[in-house]
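Since every read-out is calculated from the coordinates, none of them should be taken as a lab result. Everything quoted here is computed from the prediction, not taken from an experiment. A quick note on method: Cβ atoms are made from the backbone with ideal geometry, for glycine too, and the neighbour counts reach across all protein chains shown.
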Amino acid sequence: MHYGFVKTAAATPRLRVADVQHNAAEICRLMEEAFLKGTEILIFPELCLTGYTCGDLFRQQRLMRGALEGLEQVLTCSARCEGMVAIVGLPFVWAEKPLDIAAVVQNGRILGMVPRTHLADYGEFAETRHFMAGPEQNVRVQVLGQEVPLGRHLLFACVNHPSLVLGVELGSDMMAVIPPSAELARAGATVIANLSASNELIGRIESRRLQVSALSARLLAGYIYANAGDGESTTDLVFSGHQLIAETGSILAESKPFENTTIITEIDTEKSVQDRRRQNTWESAPDGFERIDFELPERAAELTRRIRRHPFIHEDEERLELILNMQTAGLVKRLEHAHSSTAVLGISGGLDSTLAILVIARAADRLGWDRKQILAITMPGFGTTDRTRSNAELLCDHLGATCRRISITEAVRVHFADIGQDENLHDVVYENAQARERTQILMDVANGCNGMVVGTGDLSELALGWATYNGDHMAMYGVNGSVPKTLVRHLVRHEADRTDNWALRDILYDILDTPVSPELLPPSADGRIAQRTEDLVGPYELHDFYLYYMVRWGFEPAKIEFLANQAFAGVYDADTIRHWLTVFYRRFFIQQFKRSCLPDGPKVGTVALSPRGDWQMPSDAVWDLWKL
């Protein structure tokens, strides 16, 4: 286990009903296979040592004794699979009561036994005919010469990795109004194992998937679900071996029904810990839980799960429309409240201002405005290229917006003369004077036409401080303030793909193909953009990745570096990833003062940097602890 990742597996053995020796051998075979793949927690289905469908055979003393003999075989195998935790299902008699039990084993010993809490007395299999609910309080029992804790209130805590705390429930326990897993999670469990025997019916696969993902989301935990499959009796029922592993609402791994495979993936237990810390609705531990310590061998994390390169992007048109509608709704409310009759923005032919004007066009339509009430101002300066200026003007034409061209060149030259700036010195004064002149024009024009200046800056720029203070940093309302650059690009592409205006589509595609640049330095000799933002601050796809895992999850720099190396393998080498991660942290800390006075804007995702609630950080915080 490394960086909070625990390699988990759910396996469905090909069993034979009531043939304990065969079933134990099959379970041991799967244990050894999983162990060789580095599995740390492996779970099997409910009653897998005997079979779930034994019916009245559960009343037979020989079957109950045979189940213990099978457990002994599993313990012998567990001793060979050093360090791996396995959980198997079996019937067990306690105080003359037959119980449906999950036995948690490691290194040849039983860590604890968890009984089924909620037993069904309806439908295809009346469980109360054969079993009793487990005791209300934890007890001690003698099992195969070991004194073992047995009860509903057991937690299995990894002493060398505190973020891993394992809880167990069985079958339809998960469907109770307050399932055992809810209490286990409140008591600290970050991974829930469910040993189940759910027969297959039409619609049940979708229902099962929804229940597992919803529970993992609500409990802010990992959830491993192992289901009975091939080999169970088909007298009246069919079992498909449908298995699932989920993490805080996302399905990480899923088996195909009727294939009886083992699914393996890694659950990030640190996600659960971090999410619970930030959720003010999370209730802490109930009393009465016993923690049983165990230790996992130290080994490097070798991830099989996919780490998404672009965590802010989802290929879901409905989600993209929702984001655009949230931006639009926020702007509509502000324009209405301010009684504005014009929306004013600076249009550059770049991605951010393109998304902003697309949102403004939606807002104008919702307000019942003539789109001529959108006033887009292109303000060419020393670095403006023909390509971006042309795209900006054509974009306005095809959207029906009013477009004005106001050159800033002479005004900036006068300003340079006033402050004694050499125009040939292309320093920060040279660049920022242009940005502030543009903002002054927008504000003054808006004042003259009862307008509101709509800001275009995005979340990635705010994170890096890539904005001129009181220049493009400022507006009367910022529609892109919580939209990262990678998502800006995706939203513009979405609008390009859905429009019926082929000329507009071509313009949007060309804007998407244009290098990201503030265009504050003169173009090259052939008229091309000379100042490329990503050459200066680094690739935005890397910075958005860093931003997501730093702000959303609070991960340490070393873990973010590890995840980035997984996600961008073959795209960036390790030195490049570390270099830009260092740049990200340095800029994020020293540029906080710009985020402390941001204009209002709609929040559209879980990561935002508004100083009014989403991100409260002192402007003078030191970043030394975050240095790699």
Please report, in whole Å³, the volume per residue of the convex hull around the C-alpha atoms of region 448-494. 81
Return the long-range amide H neighbours of residue 94 (sequence gap of 5 or more, or a different chain), with a cut-off of under 5 Å between placed amide H atoms. 99
Compute the distance in nm between two label points, each set 7 Å from the Cα along the Cα-to-Cβ direction, one at residue 234 and one at residue 621. 6.0
Restricting attention to the alpha-carbon atoms of region 161-256, what are Rg (one decimal) and Dmax (integer), both in Å? 13.4, 46
Nitroxide proxy distance, nm - points 7 Å out along Cα→Cβ at residue 534 and residue 175: 5.0
How many angstrom separate the Cα center of region 533-604 from the Cα center of region 331-382? 30
Which percent, to the nearest 5, of DSSP beta bridges fully inside the chain are antiparallel? 50
From the phi of every residue in region 98-103, what ³J(HN,Hα) in whole Hz does the Karplus formula 6.51 cos²θ - 1.76 cosθ + 1.60 yield, where θ is phi - 60° and glycine or proline is x? x, 10, 8, 10, 10, 9
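Going down the list 333/372; 7/485; 97/271; 333/594, which pairs span over 28 Å between their C-alpha atoms?
Pairs exceeding 28 Å: 7/485; 97/271.
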Gain upon complete extension [residue 96, residue 416; 0.36 nm per residue less C-alpha separation]: 105.8 nm
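For the chain, what is the calculated [θ] at 222 nm in deg cm²/dmol (nearest 500), taking -39500 (n - 2.57) for each run of four or more DSSP H residues and dividing by its residue count?
-11500 deg cm²/dmol
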Can you give the Kirkwood hydrodynamic radius of the chain from its Cα pairs, in Å with one decimal? 27.7
Can you work out the base-10 log of I(q)/I(0) for region 463-518 at q = 0.24, 0.29 1/Å, using the Debye formula on its C-alpha atoms alone? -1.04, -1.17
Simple spin-label estimate for residue 372 and residue 310 in nanometres, 7 Å along Cα-Cβ: 3.8
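Ranked highest first by the average count of other Cβ atoms within 10 Å around their residues, in what order do 593-602, 580-589, 374-383, 418-427 fall?
So the order, starting with the most tightly packed, is 374-383, 580-589, 593-602, 418-427.
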Rounded to the nearest 0.05, FRET efficiency between residue 397 and residue 499 (Cβ-Cβ, R0 22 Å) equals 0.95
The summed charge of the residue 59 Cβ neighbourhood (under 15 Å; Lys/Arg +1, Asp/Glu -1) stands at 0
Please compute the net charge surrounding residue 50, taking Lys and Arg as +1 and Asp and Glu as -1 over other residues with Cβ under 15 Å from its Cβ. -3
Using only the Cα atoms of region 1-133, each taken as one equal point scatterer with no solvent, compute I(q) by the Debye sum, divide by I(0), and report log10 of the ratio at q = 0.12, 0.17, 0.18 Å⁻¹. -0.45, -0.85, -0.94
Which distance in Å, rounded to a whole number, links the C-alpha centroids of region 292-314 and region 387-458? 47
Output wanted: per-residue J couplings in Hz (rounded whole) for region 564-573, from phi through Karplus 6.51 cos²θ - 1.76 cosθ + 1.60, θ = phi - 60°, x for Gly and Pro. 5, 5, 6, 6, 10, 4, x, 9, 10, 7
Summing Lys, Arg as +1 and Asp, Glu as -1, what charge do residues with Cβ under 15 Å from the Cβ of residue 210 carry, residue 210 excluded? +2
Packing rank of 43-52, 272-281, where each peptide gets the mean count of other beta carbons within 10 Å, highest leading: 43-52, 272-281
Between helix 386-399 and the chain: long-axis angle, C-alpha atoms, 0 to 90°, nearest 10: 80
Taking placed amide H atoms and a strict 5 Å upper bound, the residues 5 or more places from residue 16 or on another chain that come that close are 23
Theoretical gain in end-to-end length, residue 409 to residue 571 [0.36 nm per residue, Cα-Cα removed]: 54.3 nm
Alpha carbon centre of region 126-154 versus region 473-488: separation in Å? 57
Cα-Cα pairs in region 317-535 separated by more than 29 Å, as a whole percent of all pairs, come to 21
Under the Karplus curve 6.51 cos²θ - 1.76 cosθ + 1.60, θ = phi - 60°, whole-Hz ³J(HN,Hα) for region 332-341, x wherever Gly or Pro sits: 4, 4, 5, 5, 5, 5, 7, 6, 7, 10
